[in-house]
Amino acid sequence: MSQKREAIIIGAGLVGSLWAVYLAKSGYKVTIFERRPDIRKAEISAGKSINLALSVRGWTALDAVGVGDEIRKIAIPMHGRMMHDLNGELTFQPYGTKDQSIFSVSRAKVNATMMDIAEKHGKATIHYNTECLRVDLQNAIAYLKNTQTGEEFEAKSDVIFAADGAFSAVRYHSMQKLNRFQYSQNYIADGYREILLPALPDGGYPMDKNALHIWPRGRFMLIALANEDGSFTCTLFMPHENHEFAFDKLKNKSDVDRFFKTVFPDFHQMMPEIAEKWEDHPLSNLAIIRCYPWAIGKVGLMGDAAHATVPFYGQGMNAGFEDCRILNELMLKHNHDWDKIWDEYSPLRKADGDALQDLSLDNYIEMRDLVGDPAFLLRKKIEAKFSKLYPNKWLPLYSQVTFSNIPYAVAYEQGKKQRAIMDEIMAQPEIEKNWDNDPIMQSILNKCSAFNFQT
């Protein structure tokens with residue numbers, strides 16, 4: 001019998017924990033080193049991280065190793081966007097067809113559940129309070145430090161996976177200093193702060209729990225996703241500076257109160273104590289991190305360590321889980337020959353990582369500026385009708401990203417072509433009156449026949 005393969009994973013987050021299950025099913029002995037303490041032993045609260053939205057890519061990766069049902073127990077379906085205008089009027093926009101939903105999950109609860117799964121299904125050993133100092137890329141040796149005792153030690157395996165987040169220690173200490181390693185870190189002008197909207201006194205939800213709530217206000221956007229206990233995790237996105245209501249201008253409770261009364265009056269009515277709770281969660285930044293290659297020697301990057309993005313398409317976790325599925329397919333294809341696997345992995349996934357980052361930035365503009373615009377809503381209505389008439393000819397970009405496993409890079413390029421077609425349609429005279437007519441649908445059909453769209 002051949003010696004059992006061994007793998008080290010740096011980072012016991014969402015991607016690292018799921019990847020441990022994949023590796024174990026392929027016969028690897030898995031050891032995970034995690035810098036933080038075991039979050040399962042701490043009280044789990046909304047914390048600093050945005051609630052996550054699980055969609056088809058994530059479920060596909062989870063179900064492929066039989067762990068999706070464990071996550072479904074803590075997931076709340078959201079069937080569409082609920083728009084809140086300045087007057088408190090509500091407009092519901094379904095995400096896709098009647099049976100299509102994305103799912104709200106608490107990052108902390110999913111992470112705790114994934115750790116359980118990694119230990120139970122993946123037979124992984126997880127060492128907490130262990131910092132990665134650097135790795136030997138060619139020999140798969142991790143140099144580590146116990147942050148409680150200060151003891152430094154090393155661990156060797158056949159292959160190392162860095163799933164240690166956007167500010168990956170493995171990437172920083174062992175890859176970024178290499179000749180010709182490409183790396184960029186770009187912060188967007190906006191930051192975010194979390195707000196916990198409490199449950200009603202009777203434990204009920206203050207809003208529809210099966211919708212993703214959005215308050216689009218141009219340079220400001222507030223979103224809210226339901227938690228299991230009747231509360232909502234809300235996230236406010238707005239400029240750090242250079243605006244009357246930028247984060248740096250909200251210096252005291254009076255400023256915060258005035259801001260919400262002016263920009264989000266209906267939210268202020270639901271949570272009049274918002275100024276008191278303003279400092280409960282820290283102000284955080286938003287960055288896009290790009291690098292290449294994603295693997296060197298016997299060490300590869302996964303998830304945010306390879307392609308951290310901004311959260312405006314709700315795809316960060318889904319993309320990381322998709323890394324696991326794709327890497328597993330390559331592992332089986334190349335029979336665990338990691339030189340061949342890494343050669344294919346980097347170029348294959350890099351294109352999708354870049355595309356998702358571009359999609360996420362584009363979607364921020366859509367969410368904060370366009371979702372309440374009548375012309376935008378009409379465009380979506382026309383697209384939805386055409387897609388229903390010709391499902392094999394047209395899948396809206398949002399559906400390509402959220403409700404399919406079409407590669408992000410393919411979806412992004414197809415979305416550009418679809419946008420050009422719709423720009424022409426929207427420019428037609430009196431489109432507001434004629435959009436539902438057969439000639440309009442035929443015109444779209446004629447235009448899209450020039451492209452071989454993947455649906």
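Here, each number is a calculation from the coordinates, and none is a lab measurement. All of these numbers come straight from a predicted model, not from anything done at the bench. We place every Cβ from the backbone using ideal geometry, glycine too, and count neighbours over all the protein chains shown.
Within segment 240-270, the trypsin sites (Lys or Arg not before Pro) that combine a DSSP coil assignment with at most 16 other C-beta atoms in a 10 angstrom radius are LYS251.
Computed from the Cα positions only, the extents of segment 273-415 along the three principal axes stand at 53, 51, 20 Å, in decreasing order. Ranked by the mean number of other Cβ atoms within 10 Å per residue, highest first, peptides 56-69, 138-151 order as 56-69, 138-151. Extension gain, LYS4 to ASP208, is 68.4 nm, computed as 0.36 nm per intervening residue step minus the present C-alpha separation. Quick one: compute a quarter of the convex hull surface over the Cα atoms of segment 267-348 and quote it in nm². Seen from a random direction, the Cα hull of segment 267-348 projects 7.5 nm² on average.
Here the chain has an Rg and Dmax of 23.1, 74 Å, counting Cα atoms alone. Pairwise inverse Cα distances across segment 188-285, averaged and inverted, put the Kirkwood hydrodynamic radius at 13.8 Å. Please give the FRET efficiency for PHE167 paired with ASP38, using the beta carbon to beta carbon distance and R0 = 22 Å, rounded to the nearest 0.05. Here the calculated transfer efficiency is 0.60. Of the residues GLN400, TYR313, ASN437, the one whose Cα sits farthest toward the positive end of the charge dipole of the chain, with +1 on the Cβ of Lys and Arg and -1 on the Cβ of Asp and Glu, is GLN400. By the rule of a C-alpha distance below 30 Å, with chain neighbours fewer than 8 residues away ignored, the lysines paired with LYS4 are LYS25, LYS29, LYS120, LYS123, LYS145, LYS156, LYS298, LYS333, LYS340. Each residue, LEU389 and LYS253, gets one label point 7 Å from its Cα in the Cβ direction; the gap between the two is 5.8 nm. Shown for CYS324, CYS132: other C-beta atoms within 10 Å of each C-beta, ranked fewest to most, produce the order CYS132, CYS324.
Here are some pairs, LYS261/LYS433; LYS249/LYS380; LYS209/LYS261; LYS177/LYS416; LYS98/LYS350; which of them have Cα atoms lying more than 28 Å apart in this structure? Beyond 28 Å: LYS261/LYS433; LYS249/LYS380; LYS177/LYS416; LYS98/LYS350. Measuring r between the beta carbons of GLU329 and ASP436 and using R0 = 45 Å, the FRET efficiency lands at 0.55. Dividing the alpha-carbon radius of gyration of segment 373-448 by 2.2 N^0.38 Å (N being the number of residues), what value is obtained? Relative to the rule-of-thumb radius for its length, segment 373-448 sits at 1.07. Taking 7 Å steps out from each Cα toward its Cβ at THR91 and ASP266 produces label points 1.2 nm apart.
With a Förster radius of 30 Å applied to the C-beta separation of GLU151 and LYS340, the computed FRET efficiency comes to 0.20. Around the amide H of HIS213, modelled in the peptide plane, lie the amide H atoms of MET82, ALA224, all under 5 Å away and 5 or more residues distant in sequence or on another chain. As a ratio to 2.2 N^0.38 Å, the alpha-carbon radius of gyration computed for segment 102-241 takes the value 1.44. Were the residues from TYR187 through ASN139 laid out at 0.36 nm apart, the gain over their Cα-Cα distance would be 13.9 nm.
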